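Presented below is the structure to which this report refers.
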Amino acid sequence: MPHQPKGISEWNYDIPLVFKLLVSGNVTISRSAIWPDAGEIALMGGYDEGVVRLDAFLERITLAEAQPLVEQAKAFLKASTNRGRYFLLEPGEILEMNDEPLAEQNLQLHDSIRKMEAEVEAALETLTILPRAARARQGFLARVFGRTPRAREPAVDPLASVRSVGLGHWSNQLYYTLDHSGAASEALGK
């Protein structure tokens, strides 16, 4: 029985790091399943390899607030109803916002995914707990008189950095539905 394409998530105005990690397993340039006449404006990567790479990234996230979304991602991707042979990344709408030809931008995206270690490390800097030495220090008088500083409200949403990498948006109900005939199967090499 051929593998049927499934949608697992979508995003507006950007291609989040999580999506790049998922498609990074033996990433290749592919025909679009949504716009078959547009040519090779999609990327495809091995499902299992992509999940392994994402899991390695998720294991390095130490921010306590992120853990429910980390566990949600792992559970969603390991569910048998969501598993597949490949991940197909359809960046056409995002790439279309720029003036360069879509195929050229897709090639640039492909190349950036093949060497994204710096992007992963930069994201992890915002997703880890600060070491104790880097936390706000208590003043001299507070230490002498045993006062504990009042907890301050965070200036920003602590989950903003978690959501910005693409966590927390898993769904099989997407705007575009991949049909199980024609273009989607052809894009996946069936």
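The values are calculated or read from the model by the stated rules, or taken from the named source; none is laboratory data. This one's a predicted model, so the numbers in the text were calculated from it and none came from an experiment. Cβ sites come from the backbone with ideal geometry, for glycine too, and all protein chains shown count toward neighbours. Calculation scope for accessible area: heavy atoms of the full protein, side chains included, ligands and nucleic acids excluded. Shrake-Rupley method; radii C 1.70, N 1.55, O 1.52, S 1.80 Å.
Check off (1) assigned to a helix (DSSP H, G or I); (2) under 16 Å from the mean Cα position of the chain (by Cα); (3) under 23 Å from D14 (Cα atoms) for A75 and give me the number that stays unchecked. Every listed condition holds for A75 apart from (3). As a summary of the residue check, M44 satisfies the conditions (1) at pLDDT below 95; (2) open to solvent by 20 Å² or more (accessible area, probe 1.4 Å); (3) outside any strand (DSSP E or B) except for the one numbered (3). Residue count for the range 76-85, restricted to those that are among the polar types (S, T, N, Q) and either in contact with a Lys or Arg (Cβ under 9 Å, 6 or more places away or on another chain) or surrounded by 15 or more Cβ atoms within 10 Å (Cβ to Cβ) (or both): 2.
For A73, the stated conditions do not hold, so it cannot be described as hydrophobic (A, V, I, L, M, F, W, C) and open to solvent by 20 Å² or more (accessible area, probe 1.4 Å).
Only one of L54, L95, L88 is without any contact (Cβ under 8 Å) to a residue 60 or more places away in the chain, of a type in the set (A, V, I, L, M, F, W, C) and crowded, with 21+ Cβ neighbours inside 10 Å. Can you tell me which?
Values: L95 fails: crowded, with 21+ Cβ neighbours inside 10 Å; L88 fails: without any contact (Cβ under 8 Å) to a residue 60 or more places away in the chain.
So the residue among L54, L95, L88 that is without any contact (Cβ under 8 Å) to a residue 60 or more places away in the chain, of a type in the set (A, V, I, L, M, F, W, C) and crowded, with 21+ Cβ neighbours inside 10 Å is L54.
Looking only at residues in the range 26-41 that are part of a loop (DSSP other than H, G, I, E, B), under 19 Å from E96 (Cα atoms) and of a type in the set (V, I, T), the one that is most open to solvent (accessible area, probe 1.4 Å) is I34.
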